[in-house]
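The values are calculated or read from the model by the stated rules, or taken from the named source; none is laboratory data. These numbers were taken from a predicted model, which means no experiment stands behind them. Heads up, the Cβs are rebuilt from the backbone with ideal geometry, glycines too, and the neighbour counts pull from every protein chain shown. These area figures cover heavy atoms from the full protein model, side chains too; ligands, DNA and RNA do not enter into them. Shrake-Rupley method; radii C 1.70, N 1.55, O 1.52, S 1.80 Å.
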Amino acid sequence: MSELLAHLAPFQDARISFDPPPRQTFVMRPFKSGLQAITGLWEHFRNPHWREAEKYYNEGLRAHSIGMFIEAENAYRQALDIEPQHEPAHINLAAVYVQQGHLEDAERHLHTAIEIRPGYYRAYYNLGLLFTLLDAEHEALAWFEKALERKSDHFWSLVNCAEIHLNNDDLEEALTCYQIALATGWDHTATSLRLSELFQRMGDYKQAEDYLTEALTRRKSPETLYNLAWTQLAQGKFKEAVENLNAALQSQAIYPEAQLNLALALSAKGENDNSVTQMNQYMEEYLDKKSENYLSHLRLLTKVNPNNYAALLRLAEIHLQEGRFNEAVEELEWLLSENPKVAEALEMLGNIFSNQGNYKQALRTYRRLVEVAPDMVNGYLGIARSYGAIENYAAATPVIRKVLEMEPNNVELHYLFGTLLAQEGQLREAAKHYKIVAKLKPNYPRIEKRIRMVDDELSDFERMKPKAWPAGRTVRGR
């Protein structure tokens, strides 16, 4: 399994942004719902300064919500001039300053908001965001944690804490924050995906799979399907991984990581021919055929599954196509050293030896082939050709007769046998096999010429043959 993980295209981070929507940084109302809100509003409405300030605050809020920051700033400042204790105006003015890049002014107003209302989480949370912008993660974390002391289920404080813990490789703390955030019900899909990434980093592929499956029930995407397949491959669930990789590729334009992992998954699953087809497709689309990576990627199929002989045969074929005969022989001999009973490898190796004129080696290879595959005609044909090439026609004849019993309509075999018989001087037998060829395949190359040649030799032989003694004649009678 470790070999497979070493060669898979990587798990893809979801690139999820946990930044809250802009309005989440605004204080829409100064109080929570319920009795506290009613009591607070009553106190404020009894205060004429607060009521006047509230008009400017709401005006600023409207401008702020549509991105009119200068107008919003002016309105908030007017509200604070009337009522300096208007805590929501301090928080929203700080948000405007952050958006304008005036971070020191923003920090000052947030601290003022905390002094006015130390039990409310919002200003602490916004200070955390402010220090995050300053890349001061330690201070940011402290403010987010203070926000959580006041509101333990504040989703955005939780995920920001988690992100800081992740940046510091504090995975257990990040995990705790994410799981609490998930329980709040906010942005369930994004949190599930982040949890899957965390468990994948921790090597807990089963938990990662569970969170990805949960995310898919809410929103399907090719990236989630791809990552789900990745976790399943890591667990040896090849069937499920193949299904999800195919689904990922069907749901969006094909991308290379899924193509590569599908080829490896098919190989690991034992679908050798399909894995080679898939890897060929991947390589044709994304690799230069002349690059060194081309063959090395094909070889990956054998690394995740040493029994993927289809991949090794394909490697040998590529070497042959490009004239690298020695390399092809090396691939095939290595394959056969691992499993000496791969008939296709034996046939290819025998053909290479035969084409190189190494007929004795070819003969030994073809003999191994017919031992492995007694019904494989090409093995016997190879033996017969090899015997014929070294002019051992007597040895070739019984081999060909055996094959003809297996395939009486094999045109090539009848032609080969006819040629051997003709070379042995068995012209009548040769003519018989040549005529079978002409009957089975009238357009077979040179067959009519061969028949004429044998017939001519037979005619010459008949003319030169001594005549028989007349009946009743004796030597003395002559």
Can you quote the Å³ per residue value for the convex hull of the Cα atoms in the chain, rounded to an integer? 207
Which value, in debye to the nearest 20, gives the size of the charge dipole of segment 254-384 about its Cα centre, when Lys and Arg are +1 and Asp and Glu are -1 at the Cβ? 380
Given Cα positions, please report Rg to Rh for segment 163-293, the hydrodynamic radius being the Kirkwood one. 1.05
Given C-alpha coordinates of segment 237-323, what is the ratio Rg to Rh with the Kirkwood estimate of Rh? 0.98
Between helix 188-202 and the chain: long-axis angle, C-alpha atoms, 0 to 90°, nearest 10: 60
Please compare each pair in LYS402/LYS432; LYS402/LYS435; LYS206/LYS239; LYS146/LYS220; LYS360/LYS402; LYS341/LYS441 to a cut-off of 27 Å on the Cα-Cα distance and tell me which ones are over it. LYS146/LYS220; LYS341/LYS441
Of TYR282, LEU141, SER152, farthest towards positive along the dipole that unit charges on Lys, Arg, Asp, Glu beta carbons give the chain: TYR282
Quick one: with all protein chains in place, what share of the accessible area of the chain is carbon or sulfur, to the nearest percent (1.4 Å probe)? 49
Where the only charges are on Cβ atoms (+1 Lys, Arg; -1 Asp, Glu), what is the dipole of segment 37-174 about its Cα centre, to the nearest 20 debye? 780
At a temperature of 10 °C and a viscosity of 1.306 mPa s, determine how fast segment 358-410 diffuses translationally according to Stokes-Einstein, using the Kirkwood radius over alpha-carbon pairs as Rh; express D in µm²/s, rounded to the nearest whole number. 146
Protection proxy (average C-beta count within 10 Å per residue), highest first, orders 401-413, 305-317, 92-104, 334-346 as 305-317, 92-104, 334-346, 401-413
To the nearest 0.05, the calculated FRET efficiency linking LYS220 and ASN326 through their beta-carbon distance, R0 being 56 Å, is 0.65
Going by average Cβ neighbours within 10 Å, how do the peptides 55-64, 420-429, 262-271 rank, with the highest at the top? 262-271, 55-64, 420-429
Output the peptides 202-215, 444-457 sorted from most to least packed, where packing is the average of other Cβ atoms within 10 Å over each peptide's residues. 202-215, 444-457
Divide by every residue of the chain the summed helix terms, -39500 (n - 2.57) for each DSSP H run of at least 4, and state the resulting mean residue ellipticity at 222 nm, rounded to the nearest 500 deg cm²/dmol. -24000 deg cm²/dmol
When the convex hull of the Cα atoms of segment 328-429 is projected onto a plane and the area is averaged over all directions, what value comes out in nm²? 6.2
Would you mind checking the tilt of helix 325-338 against the longest principal axis of the Cα atoms of the chain, expressed as 0 to 90 degrees and rounded to 10? 80
Hey, what's the chain come to in accessible area per residue, 1.4 Å probe, Å²? 53
Top positive-direction residue, dipole computed over segment 354-416 with Cβ charges, set GLN361, TYR380, THR397: GLN361
In whole angstrom, how far apart do the alpha carbon centroids of segment 267-316 and segment 176-214 sit? 34
What does the charge dipole of the chain about its Cα centre add up to, to the nearest 20 debye, if the Cβ of each Lys and Arg holds +1 and the Cβ of each Asp and Glu holds -1? 3940
